[in-house]
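I have placed the structure first, in the form of structure tokens, so that the comments after it can refer back to it.
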Amino acid sequence: MNEKTTNTKASRPHGITRRGFVAGAAIAGVNIALFGLSGCAPSASAGGENGTFKAGTYTGVGQGKFAPITVETTFTETSIESVTVVDHEETKYISDTALETIPAAIVEHQSLGIDAIAGATLTSTAIIAACEDCVKQAGGSASKLKSNYEAPAPSTEVVELEADIVIVGAGASGTVAAVNAARLGAKKVVVLEKSCNVGGNALVSGGYLEYVHAPEDLREEMTANYTAELESNVAAAAEIMPAADLEKLKADIEAWKASGSTKVFDSVELHALQYAIQGEGAYADMLISGQHIAELDDWLAESGFQFKPLVGIVGYSWPRWTSSVNGTCGQGYFEFYTSMIEENDYPVEIYLNTPAQELISENGAITGVVAQGADGTTYRVTGEKGVILATGGFSGSPEMLREYNTRWDWDPKQIIPTTNAFGHTGDGIKMALAVGGTTAAMDTQMPFPFADCKNSTDETTVGDDIDCPIINKEGKRFMNEVLDRFTMTEHIMAQPDQMMFMISDKDTCWIDGEVNRYGRNVENLINQGQLYRADTLEELAGLMGVDAQTFTEEIERYNEYARTGEDLDFGRTNFTEHSPIENPPFYASPRTWAMHITVGGLLVDSTTDYTVLDEAGNRIEGLHAIGETTLGSCGIGVQGEGYAIAQALFG
């Protein structure tokens, strides 16, 4: 079943007048501290050569991450009176701070030389560029306004904070840990976040969460292809899972058959088995992870969270994946969590733009964290129950990727693109290693094989992850489109320019009105060269730059395989009734690979409270780690670990 979303354009302008400057931020009632926006008064004239502007309101445009950002700037004869963002398509939460504070800072300091917001650099620079355009229209000197800002001297203040628990990272796992800890009675939870927003990678991912116990009305119909895959999984299980678990799995399958259900079968054991078959990790570890995710799902459902129907996703074709009915990507989770904090007045304090730098150790145990705000303020935060590292992996660190890589044949000069949000540079791993922690499988680095060729995101995708054929620049299919991500990436890297096109039609494009499934405006994608659309396959081939005859013959061949369910070229067996590409308009979404997930990470005691282990297997008391910071954990499902660690520490 297709996932539908709505447009993410601004529902209201983001603006500030010089008389109404606000030097702070809050998200849904969460106590959030944001630093680094103060500065000295301008040292140069704000106007043109004679110190004046042509009074009036002007409109300028700067290129954001997904589309142009439109800004209106009002001038008096001697100053910038107001800056208002009137239209944008930036990612919610990630862009919010920049949309509010960059216009305010421009007005407050009468300058275009202000610093970009860490974590929202593209949004910041686009707003500044749009305002610069307005300055030029008003006859002002953009060069003067770029050079007249003097940053304040760094603060030397040291602030001591005490909490029940300190959490480093406000992404999927860290936020759930904070919310659940507060729900279970923690009197004060301090969260330190490197970026300018909560949400982490969840905001730029598909937002998909495994939902093993989903009600039948959310499940797909069980097809012959799914039945064959299930039988194949069971046949391979004897060498992977304990006999008792295998017997339970078989018994659950028989019970499902006896029930008369026509919906896709699933269980925690099958979940773990399929991950183990794909090489994601040992069955025992995958089982623990699956159990925690199932507990999280149950809690979310009981708390009123609304899930979408289940689907398969890139590299994981079994339809057990869902996301929030509200928002796009992973935004719905954080809307839900922040509303829980606000409605229940939970004692959660989040410090944004405040990266942790080192751990505090006392008598052999970890008792806290040293962090630094953007203004230079040092924070020494101690936790009665220690520290939880939830900083994500290191897909955003080319240096660490190269250091640990044993699989990918990267050219030394090659840029390693990433789908990750700002800040995923292995910080938690480095801090834990510095106090004796240990890691494993650091060379298991998973790319995302369907990333945008221009900005490495998944959010510009047009097409169904499972149904669509993949075509290279020669107009040919070159792989089974529903393989694991590692294998698909290897195939993509072997193609001309390491890129391909995801081909879809009216039935498989997942376009809803003017936007794709992530709320990205389709016309903007076409205008920016991130999508091609045509009424015929021949015309589409021309836009793609491939031979029309080769391409159309390849699609016809694929369509026949999709109808029969037998792919004679690449052995694909997973097709649906929508798989044939035959109903216009037709779309080609240019895609390539980008680093997405680092499977390796810190070794922890996941059977208890996720305490970090040293090389000898001993616990480093007071130091916990969850999410992609640890071995084998990745994706939105790491929320399950956030839920579980709060249960262990405060339940």
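The values are calculated or read from the model by the stated rules, or taken from the named source; none is laboratory data. Quick caveat: nothing in here was measured; it's all calculated off a predicted structure. Glycine gets a Cβ as well: all are built from the backbone with ideal geometry, and neighbour counts include every protein chain shown.
Going through (1) in a loop (DSSP other than H, G, I, E, B); (2) touching a helix residue (DSSP H, G or I) at 6+ places or on another chain (Cβ under 9 Å) one by one, D411 falls short only on (2). Suppose the filter is farther than 20 Å from V314 by Cβ and modelled with pLDDT of 95 or more; does P584 pass it? Yes. Looking only at segment 211-262, filter to residues that are within 25 Å of A282 (Cβ to Cβ) and either touching a Lys or Arg at 6+ places or on another chain (Cβ under 8 Å) or assigned by TED's automatic domain parsing to the domain that holds R572 (or both); which one of those is surrounded by the most Cβ atoms within 10 Å (Cβ to Cβ)? By that ranking, first place goes to Y211.
Would you call V176 closer than 29 Å to I114 by Cβ, surrounded by 14 or more Cβ atoms within 10 Å (Cβ to Cβ) and of a type outside the set (D, E, K, R)? So V176 does not fit the description; no. When segment 413-459 is examined, which residues are found to be more than 26 Å from G617 (Cα to Cα) and small (G, A, S)? Of everything in segment 413-459, those that are more than 26 Å from G617 (Cα to Cα) and small (G, A, S) turn out to be A421, G423, A451, S456. With respect to being closer than 21 Å to N521 by Cα and not charged (D, E, K, R), S82 falls outside the description. Whenever a residue of segment 299-314 is under 30 Å from T592 (Cα atoms) and touching a residue at least 40 places away in the same chain (Cβ under 8 Å), its partners that are buried (at least 17 other Cβ atoms within 10 Å of the Cβ) and of a type in the set (S, T, Y), lying with C-beta atoms within less than 6 angstrom and at least six residues away or across chains, give the pairs F307/T322; K308/T322; K308/S323; L310/T322; I313/Y208.
Scanning segment 322-337 turns up no residue that is free of Cβ contacts under 8 Å to residues at least 24 places away in the same chain and on the phi > 0 side of the Ramachandran plot.
Can you tell me which residue among G392, G368 is part of a loop (DSSP other than H, G, I, E, B) and modelled with pLDDT of 95 or more?
Exactly one residue qualifies, and that residue is G392.
Report, by residue number, each residue of segment 610-640 that is in a helix (DSSP H, G or I) and more than 17 Å from the chain's Cα centre (by Cα). Matches in segment 610-640: none. Here S205, S173 are screened, and the one residue that is touching a strand residue (DSSP E or B) at 6+ places or on another chain (Cβ under 9 Å) and at pLDDT 95 or above is S173.
Any residue in segment 433-445 that is part of a loop (DSSP other than H, G, I, E, B) and crowded, with 19+ Cβ neighbours inside 10 Å? Within segment 433-445, one or more residues are part of a loop (DSSP other than H, G, I, E, B) and crowded, with 19+ Cβ neighbours inside 10 Å.
Does I626 satisfy the criteria of being closer than 30 Å to E538 by Cβ and among the aliphatic types (A, V, I, L, M)? Here the answer is no, as I626 does not meet what is asked.
Among the residues of segment 329-343, are any in a loop (DSSP other than H, G, I, E, B) and under 22 Å from T121 (Cβ atoms)? There is at least one residue in segment 329-343 that is in a loop (DSSP other than H, G, I, E, B) and under 22 Å from T121 (Cβ atoms).
Is it true that L192 is at negative phi, touching a strand residue (DSSP E or B) at 6+ places or on another chain (Cβ under 8 Å) and in contact (Cβ under 8 Å) with a residue 12 or more places away in the chain? Judged against the criteria, L192 is a match.
Only a single criterion out of (1) of a type in the set (A, V, I, L, M, F, W, C); (2) surrounded by 18 or more Cβ atoms within 10 Å (Cβ to Cβ); (3) modelled with pLDDT under 95 is not satisfied by W410, namely (2). Kindly indicate whether S147 is modelled with pLDDT under 95 and among the hydroxyl-bearing types (S, T, Y). Yes: the conditions hold for S147. Which of the residues spanning segment 158-188 are in a helix (DSSP H, G or I) and within 15 Å of L389 (Cα to Cα)? The answer is A172, S173, G174, T175, V176, A177, A178, A181. Filtering segment 104-117 for residues that are without any contact (Cβ under 8 Å) to a residue 40 or more places away in the chain, not assigned by TED's automatic domain parsing to the domain that holds A374 and not aliphatic (A, V, I, L, M) leaves a non-empty set.
Looking at S173, S95, S155 in this structure, which one is of a type outside the set (V, I, T) and more than 27 Å from the chain's Cα centre (by Cα)?
After applying the criteria, what remains is S155.
Quick check: anything in segment 324-331 crowded, with 17+ Cβ neighbours inside 10 Å and touching a strand residue (DSSP E or B) at 6+ places or on another chain (Cβ under 6 Å)? No, because not a single residue in segment 324-331 is crowded, with 17+ Cβ neighbours inside 10 Å and touching a strand residue (DSSP E or B) at 6+ places or on another chain (Cβ under 6 Å).
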